[in-house]
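**Student:** My questions will all concern the structure given below.
The values are calculated or read from the model by the stated rules, or taken from the named source; none is laboratory data. In this text the structure is predicted, and so the values were computed from the model without any measurement. When we count neighbours, we look across all protein chains shown, and the Cβ atoms used for this are built from the backbone with ideal geometry, even at glycine.
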């Protein structure tokens, strides 16, 4: 899949149908943990098939789903249409070019299960910084740095290779190079954490 899309992030392919639901049967709990709130304009970055996009749209004022894979965006679009949700835009493009893809700054950028595969994390962090309003938030939901064989879902090891996984400290160090500041780290059971960053107000 990565070879189809220049700029696709390593080890971030969409999982087989079923295990997202087994991992996080209620994605709204994850969103609440990292601070997505009503009346926010939210960017769901590397949104995939829309598992989180739908729940963000139910909560937020508006959501824009961005992914490099237009086919996955179509899956997400149909997921939201079938649920009667209309406050979402879908944009195919490269995550390094967010202000070109969506020139209106947002309150919150949400990124799940992708940051570990980003080859140029400083560039992505700068792109996210520029896509946020002052005091806006960026949440990275990442796999804990645990051996892959320990993170089982539906009886099988899941997630990226062990060597791709990042600790909260490593994630913070990478993101802060883009001008964002670590706000807090929360647990996202069973195998993830959420690192929440803020764009300084000035």
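**Student:** Of 104, 145, which residue is assigned to a loop (DSSP other than H, G, I, E, B), loosely packed, with under 13 Cβ neighbours inside 10 Å and at pLDDT 95 or above?
**Tutor:** 104
**Student:** Kindly evaluate residue 163 against the criterion of being touching a strand residue (DSSP E or B) at 6+ places or on another chain (Cβ under 9 Å), without any contact (Cβ under 8 Å) to a residue 24 or more places away in the chain and either under 17 Å from residue 19 (Cβ atoms) or part of a helix (DSSP H, G or I) (or both).
**Tutor:** no
**Student:** Would you please name the residue that is farthest from residue 28 (Cα to Cα), looking only at residues in the range 107-119 that are assigned to a helix (DSSP H, G or I) and out of contact with any helix residue (DSSP H, G or I) (no Cβ under 6 Å at 6 or more places or on another chain)?
**Tutor:** Going through the qualifying residues, I end up with 117.
**Student:** Another one. Look at residue 59 and say whether it is surrounded by fewer than 23 Cβ atoms within 10 Å (Cβ to Cβ) and in contact (Cβ under 8 Å) with a residue 12 or more places away in the chain.
**Tutor:** yes
**Student:** Select from the range 125-142 the residues that are touching a helix residue (DSSP H, G or I) at 6+ places or on another chain (Cβ under 6 Å) and buried (at least 21 other Cβ atoms within 10 Å of the Cβ) and write down the one among them that is nearest to residue 34 (Cα to Cα).
**Tutor:** Among them, the one singled out is 139.
**Student:** Please give the helices (runs of 4 or more DSSP H) falling wholly within the range 1-98 in which 1 or more residues are modelled with pLDDT of 95 or more, under 29 Å from residue 187 (Cβ atoms) and touching a strand residue (DSSP E or B) at 6+ places or on another chain (Cβ under 9 Å).
**Tutor:** 27-34, 51-59, 70-82
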